Amino acid sequence: MATGKIMNNGWADQDHVPGIKSELLELNMGPQHPATHGVLRLLLKTDGEIVYQVTPVLGYLHRCAEKIAEGVNYKQWVVYTDRFDYLAPMCCNHAYVTAVEKLMDVEVPERAEHLRVVTAELSRIASHLIALATFGLDMGAWTPLLYCFREREEILNLLERMAGGRMLYNYMIPGGVRYDVPDDSWVGDVLDFITMLERKKLKDYNDLLSYNKIFIERTADVGVIDEATAKAYACTGPVLRGSGVKFDCRRDDPYSVYHKFDFEIPVGTGEMGTVGDCWDRYMVRVREIEQSCRIIRQALDTLPDGSYQAIPLNKIVKVPAGAAYSRTESAKGEIGHYIISDGGQTAFRNKVRSPSFCNLQVVEKVGVGQMVSDLVALVGSLDIVLGEIDR
Amino acid sequence: MEILTSWLQGLPGFGGMSDQGLFITGAVIMATLMFTVMALCAIVFTWMERKVAGFIQSRYGPMRTGRWHGWAQAIADMLKILGKEDIIPAEADKGLFVFAPLLVLLGSLLAWAAVPWAPGFTAADLDLGLFYIFAASSMVVIGILMAGWSSNNKWALYGAARGAAQMVSYEIPLALATIPVILHTGSLNTQDIVIAQQGGIWHWFVLRDPFLFVAFWMYFIASIAETNRGPFDMPETESELVAGYHTEYTGMRFAFFFLAEYANLFLVSLIAVMVFLGGWWSPIPGLDFAPALTFVIKGVLMVFLNMWVRWTLPRVRVDQLMYLCWKVMIPVTLLCIVGSGILMITSGAAG
Amino acid sequence: MEQNAIYELLAGHLGEGALAWHEDAVEPWAEIAPERIADACLFLRDDERLDFNQLMCLSGIDWDGYDENGKGKSVAILGYTDEGQPETTDRTADGDLGVAYHLYSHAQRHKFTLRVRVAREVAEVPTVSHVWPTAAWHEREAWDLVGIRFAGHPDLRRMLLDEAWEGHPLRKDYVMPAMWEGVPMEGRPLAKNPFPATEPATGDDGPGGPTPPAEA
Amino acid sequence: MSRDAKTPPAGYDVQREHMLDFKVDEQLAKVVESDAKNFILTTVDEVFNWAKLSSIWPVTFGLACCAIEMMATSATRYDIDRFGAGAFRATPRQADLMIVSGTVTGKMATRLKRIYDQMPEPKWVIAMGSCAIGGGPYFKYGYHVVKGVDQMVPVDVYVPGCPPRPEVLLEGLMRLQDKIRGRKGRFVTPKWVTDYAKKIPYRK
């Protein structure tokens, strides 16, 4: 089949048919477009089906979260971290409280750390399910979307029992978590769910989508991000690992209690095409779901007893003066929080380094020379969330 | 048509009519009938599509409208669309914009004339029936191109360009796949093609010889592409081109495209039934009680197959689509023609 | 490699350009002269012992009104009032602006933090987007939100806000807009309490909250 | 999953009818009465209203967090398609309903207005989530957030929540259907709802 490599034959720049003048077509993709995962806007310059220039225009969901961080106190701002990556809010909570705790130098109870890991990994699975679903949708496959949402609902149920919210939780606080395990059956239900997911549902997705011939044709050798590019653009998460780099903050820069667990880091291998193509990035996510299941099982098996809050819930957090950058692995990649504190109740400055923001930048380079359909595949495989790009 | 005119002649008041008058009256009745069937099938199939999609996606689909499983859903859709505001964009090419949906509808309506519903019951019993169907339905391409161009919208233009390339290309394997059958029947008359398949399921062309079997699947794939449905819905490609060639169409004009899509879907399914699946003959010889009903049921089953494919597979890319057509399907269908011909000669079937 | 050793290498390269080394902080950081920052970054990236091939984060900071004593007495930012109108102040901002760079090396597995500080009136720092391509968007964001210009940046437009936006929102003296390009940004007054207390106001806030004003 | 729940729980219909308990506007009742004399016209009107309310096609217009809940509403468990509103159209030209699902920013507001203008009449708007209703958590310091989408386009139904659960969005859709049907009035919270709400145990 076609290789997906498009030769730039220079047609766009000159009059290739004598007497007929041609120019590039400017195409405005978004902010309301089904393939842009929210309100991203891409300005394209195309010659027929081939894209010559991609310019992402951001800010359609700029919600001023960094300004708000300077106005509300540390505990209140956890609410806003939920709304960054609203597909994996627990991971965002975790990133923020880790940063605050780094400055506070507070000892978090073991039980709280385990609960954080479990909820964050469940959130990661939910986020990856949506990533698979929307990527399938970009490829024109409707049905996997519905299946993935079906399984996601189960995760939301579990987290709702834990945290009280269906989608956005506000669950973690500096120094611990808000609630303990809700009832005796919760742990068993989580284990049942991940067993079901591992044994049956992942196989369904693989049959329906991953190893579908058309799907492979659409994604293999498409949108290749090589290792050098991925590192230069500071790509992280599945995008970096899809390019074959074995890097994961959970293992290489451990935070929380991840050092206690045994898990693998799936990387892109170029099974179906080149290393770093859309299929690799997609498959890294599928395999990460399996690893997340492993982590959850270990964390629940070794769930210690004891307190789950180092700081009482009704106490206002004050952070000593100083500045610290802390990073954690979210579903999309490395979330960094750079917090500057003046010793008060609110942060003086809180810069958020969001993974999607950095991952999306690579489109400017890799999107050139692709076909319009491949650009949709590329943007879909990056799995961006506009909430954390625009903040 | 002959049946209808002779029946009309028997009616009081029509007896004294001239032949021409009878013909015109019959034609008007037939055209109205066909249009009704077409509108009806659009209504039935939109409902069916949503139910089938729901079934595949483990949900219900329409449940409330009309109480029983939302049977009135498509009727409500159509009535609502009738009441919508009709917008013609200020920058659009108005003449073409208005005419395009009509042309698309006309293209599919014309083709319905040669469908053999039952023995002797065809709106226009033409000697070149099959040829006529393919010729008439290719008008749809012009309509889609007009719609995309006149909308003055870049997405619509993309959709139209893709659609034109796709439909023009896929007409070739579509027609080529039926040629082995024509070799067998020696006729392009739709009635003759069905009559040649009398005598149970083993006499249907799809099971006559291996080449015909391959030709049937080639026809099926090409027919999906010809009706612009997933996984070949290039002209619409909801996740890439917003809504493709009908991005700017509202209300009634959009309904025409909608109607034509489902009419075309049923039409290609009926042609598949007519050419390969034994037309109105039942699978067991001697059980041909209701020929028209058998014919329609087979058609609906084919439509179901089509929907099943649509809701299961991802979409192919536009260049892969072209590759599939020109480098795979056309050679294979040509091979089918040769192979089927050789088999006919060796088995002595060629007259 | 140890943080101190990294700084020593860097200071050896920069000489005068390395202004200070804050070793005791939660996260040690080096203060660099603004005009030498691109040079420092190139050195940190290209030196084989350091090999900082990833820029994790680039943050623009407005140091205006920062409480140096660490008592949490920094100047409060402006927002909207409960009536939805922008708050204003008479104070004029005079603090410095700054940029912080957080680096990471995939090969060596070490991190490093650099900071520069420029006067509010100058507000210009050399770009590092030629060192790490990812810096391009971070710098555009810093220009957009904090208003630090990056000299030599290939495409210094606003990142998140519109090109026609006025002011840089993350500055401490930023006044929220009431209207922008015909889009109302101000809020409406909060709705009146639909269940007004039947008893006359006693002055203090009871369990039902403050008593709403009487109907006009 | 949802497929198992074939039969509604006992007393479900009774409760539903309670939910639809409206205090009918007297002014409106008079208008309807005078129209009722023309039997054919009202019947035709009713049929068209029925068609409109049974087939509300939303435009695929996700803004923020609420968009995910909107997708969940159209997905397997909640399945908005049951009410005939499952045909999400990517182009505003063919849609009837705009669900403003999420925070409307200053930059987006102009686009939102444009999309609303592109939709053909009759059209409706649901403001989904507290951000779309009034700025939500972004009221105080949200320099780039429009505090309430009803400052840009007319809103028919407000669906509160951050984000609203899919059930609430479905409820909002039904309120919109009531509105199209011509049943205007104030929604009265039935007694059983408040009673039930008091019984829900909440944790410290």
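Derivation of every value follows stated rules applied to the coordinates shown; laboratory data play no part. Model, not experiment: these values are computed from the prediction. Ideal geometry is used to build each Cβ from the backbone, glycine not excepted, and the neighbour counts take in all protein chains shown.
List of remarks:
- P(r) histogram, all alpha-carbon pairs of chain B included - 10 Å bins from 0, percent: 5, 23, 32, 26, 12, 3, 0
- Estimated FRET transfer efficiency (B:Val44, B:Val168; beta-carbon r; R0 30 Å; 0.05): 0.50
- Taking a Cβ cut-off of under 14 Å around B:Leu335, the surrounding Lys, Arg, Asp and Glu residues balance to a net charge of 0, with basic ones at +1 and acidic ones at -1.
- Peptide A:154-162 shows a mean partner chain C-beta count of 1 within 10 Å per residue C-beta.
- Part-to-part distance (alpha-carbon centres) for the range C:82-110 and the range A:313-391, which is given in Å: 16 Å
- Each of B:Phe35 and D:Lys179 was given a label point 7 Å from its Cα along the Cα-to-Cβ line. The distance between the two points is 3.8 nm.
- Using C-alpha pairs below 8 Å separated by at least 6 residues, the relative contact order for chain B is 21 percent.
- The protein assembly as shown - convex hull of the alpha-carbon atoms, volume per residue in Å³: 222 Å³
- Magnitude of the charge dipole, chain B, Cβ model with Lys/Arg +1 and Asp/Glu -1, debye to 20: 940 debye
- Dividing the summed helix terms, -39500 (n - 2.57) for each DSSP H run of n ≥ 4, by the number of residues in chain A produces a 222 nm estimate of -13000 deg cm²/dmol to the nearest 500.
- For chain A, averaging the sequence separation of C-alpha pairs within contact (under 8 Å, six or more residues apart) and dividing by the residue count gives a relative contact order of 26 percent.
- Positive contributions from Lys and Arg (+1) and negative ones from Asp and Glu (-1), summed over other residues with Cβ under 15 Å from the Cβ of B:Gly348, come out at 0.
- Distance from the alpha carbon centroid of the range B:263-307 to that of the range A:78-99 works out to 57 angstrom.
- A helix-only calculation puts chain C at -4500 deg cm²/dmol for mean residue ellipticity at 222 nm, using -39500 (n - 2.57) for each DSSP H run of at least four residues, averaged over all residues.
- Each Lys or Arg adds one and each Asp or Glu subtracts one; over the other residues with Cβ under 12 Å from the Cβ of A:Tyr233, this totals -1.
- Between the C-alpha center of the range B:113-160 and that of the range B:15-66 there is a gap of 17 Å.
- Amide H within-cut-off set for A:Val57, under 5 Å, with H built and near neighbours excluded: A:Arg41, A:Leu42, A:Leu43
- Legend: translational diffusion of the range B:58-162 by Stokes-Einstein, Rh = Kirkwood radius over C-alpha pairs, 10 °C, 1.306 mPa s; D = 94 µm²/s.
- ³J(HN,Hα) computed for each position of the range A:341-347 - Karplus, 6.51 cos²θ - 1.76 cosθ + 1.60, integer Hz, glycine/proline x: 10, 10, x, x, 7, 10, 6
- Ellipsoid fit via the Cα gyration tensor, chain A: semi-axes of 38, 25, 17 Å, each the root of five times an eigenvalue, largest first.
- Interchain or long-range residues, amide H under 5 Å from C:His106's placed H: C:Asn53, C:Gln54
- Karplus-derived 3J(HN,Hα), 6.51/-1.76/1.60, for each residue of the range A:219-232, Hz, glycine and proline x: 10, 5, 6, 10, x, 6, 10, 7, 4, 4, 4, 4, 6, 4
- Normalised by 2.2 N^0.38 Å, where N counts its residues, the alpha-carbon radius of gyration of the range A:36-115 equals 1.61.
- Projected area averaged over orientations for the range B:240-351, convex hull of C-alpha atoms, nm²: 11.1 nm²
- Residues considered: A:Asn170, A:Asn28, A:Asn93. Largest GNM mean-square fluctuation over chain A, using C-alpha springs under 10 Å, is found at A:Asn28.
- Estimated purely from DSSP H runs of n ≥ 4, each contributing -39500 (n - 2.57), the mean residue ellipticity at 222 nm for chain B is -21000 deg cm²/dmol once divided by its residues.
- Sorted by Cβ density within 10 Å, fewest first, the residues A:Glu26, A:Glu388: A:Glu26, A:Glu388
- Projected label distance in nm at C:Asp67 and D:Val47, using a 7 Å step from Cα toward the beta-carbon: 7.3 nm
- Of C:His130, C:His102, the sequence from fewest to most neighbouring Cβ atoms within 10 angstrom is C:His130, C:His102.
- Label point 7 Å beyond Cα of C:Ala164 along Cβ direction - residues of the range D:151-176 with amide nitrogen under 15 Å: none
- Take the Cβ atoms of A:Ile316 and A:Val368, set R0 to 60 Å, and the FRET efficiency comes out at 0.75.
- Counting neighbouring beta carbons within 10 Å and listing from fewest to most, the residues C:Glu48, A:Glu217 come out as C:Glu48, A:Glu217.
- Residues in the range B:247-252 carry Karplus couplings, in order, of 4, 9, 8, 10, x, 4 Hz; the curve used is 6.51 cos²θ - 1.76 cosθ + 1.60 with θ = phi - 60°, and Gly or Pro positions show x.
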